[in-house]
Amino acid sequence: MHIGVLTGGGDCPGLNAVIRAIVRKGVSVYGHEFSGFRDGWRGPVEGDARPLGIAQVRGILPRGGTILGSSRTNPYKVENGVDRIRETLSGLGVEALIAIGGEDTLGVAKKLTDEGIPVIGVPKTIDNDLGATDYTFGFDTAVTVAVEAIDRLHTTAESHHRALVVEVMGRHAGWIALHSGLAGGANVILVPELPFDLDDVIKHVESRFATQYAPILVVAEGATPRQGAEVLKSGELDAFGHVRLGGIGQWLAERIEERTGKESRAVVLGHVQRGGSPTPFDRVLATRFGLHAIDAAHERDWGKMVALQGTDIVRVPIEEATRELKTVPLSRYAEAEVFFG
Ligand code: F6P
């Protein structure tokens, strides 16, 4: 079979490990041939592809990013997007696609499958917000980066008797904030799932200062004050209708300074959480996803996505991953509250 591979949406560490596993097993065990499409769905829409063989995937396991490039192109927002994909595939003799992506890329994969284009999905996102899979690769690396930053911020915050607010990514899910805050010993963790009360936050900050320690607050970019709205970078929407989040960390640092009289600073970790080499956990998960994805393609089990359930890799219908966002249950958040203040 001739199979196309693409990576769509925000990149994350481990994408190359998936590509490598698909190609290594696909060529050496099954004898399939591969094309790599450039920049997510833009590749098949515009016919931008290159051959992908074992030589092209050598040495990429520890590399962050994606050798195929990525974009947030939505073929359903491009004129004749789906027809153009069909033309590209038939022109190259590509019979099926393996799409590695988050909710948007997989949403397109599901629609294309329904329209008769055979697709297998592989879930990725640092946000860990896809349903049907316990974890997505990239998440562990993002948390590791955030925890290293938080560990460093503790020492400088204490030297200067300051509050430091660390804003992490995660869009509308608080997984990165919860895990990095717990692992980094944060004194307050704020997640989008539970709008926060500014008075409570100020109390925690004051009680931390009262014990002669400097408070570290981890805030998810999608967190909102109870009487307020999401803080947005701009009102602009991407091709999938998402707004750009960011700024809540600065907003909160200013409120803390006003209300407590203590110096406060905001640190936005931003894309550093998505860059660089994947952790061993993410390399293993990504590799296993790749191996199982090529098995699914070989068996022509179209419309399926590989997923981690417990320690097993299973196959689920793609729509199970995208049906609803996997957010932090309030009971999980409550576990962390014992460390606040
Ligand atoms: O979905 C991954 C993610 O990194 C989110 O955590 C974040 O809100 C968004 O992508 C940032 O997107 P961009 O790279 O387009 O700025």
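Read-outs: derived from the displayed coordinates by stated rules, not from any lab. All figures in this text were calculated on a predicted structure; none of them were measured in a lab. Positions of Cβ are generated from backbone atoms using ideal geometry, with glycine treated the same way; all protein chains shown enter the neighbour counts.
Please find, among GLY228, GLY185, the residue that is away from the ligand (no atom under 16 Å from the Cβ) and either under 26 Å from GLY275 (Cα atoms) or among the charged types (D, E, K, R) (or both).
Within the list GLY228, GLY185, the selection yields GLY185.
Residue count for the stretch 16-53, restricted to those that are under 23 Å from GLY81 (Cβ atoms) and assigned to a helix (DSSP H, G or I): 5. Within the stretch 116-149, the residues that satisfy the criterion of being part of a helix (DSSP H, G or I) and surrounded by 24 or more Cβ atoms within 10 Å (Cβ to Cβ) are PHE139, THR141, ALA142, VAL143, ALA146.
For residues that are over 29 Å from HIS271 (Cβ atoms) and not acidic (Asp, Glu), scanning just the stretch 188-204, find the one that is farthest from the ligand (Cβ to nearest atom). The qualifying residue farthest from the ligand (Cβ to nearest atom) is LYS203. Condition (residue is closer than 30 Å to GLY101 by Cβ and surrounded by fewer than 16 Cβ atoms within 10 Å (Cβ to Cβ)) applied to the stretch 195-210: is it met by at least one residue? Within the stretch 195-210 (the criterion being closer than 30 Å to GLY101 by Cβ and surrounded by fewer than 16 Cβ atoms within 10 Å (Cβ to Cβ)), the answer is yes, since at least one residue qualifies.
Only one entry of VAL306, VAL316, VAL338 meets the criterion of being in contact (Cβ under 8 Å) with a residue 60 or more places away in the chain, over 17 Å from ALA17 (Cβ atoms) and not small (Gly, Ala, Ser), and that entry is VAL316. Looking at SER207, SER159, SER180, just one residue is assigned to a helix (DSSP H, G or I) and within 16 Å of the ligand (Cβ to nearest atom), and that residue is SER180. Would you say THR260 is free of Cβ contacts under 8 Å to residues at least 40 places away in the same chain and not small (Gly, Ala, Ser)? Taking the combined requirement at face value, the residue does not satisfy it. The single condition among (1) in contact with a helix residue (DSSP H, G or I) (Cβ under 8 Å, 6 or more places away or on another chain); (2) at positive phi that ASP39 does not satisfy is (1).
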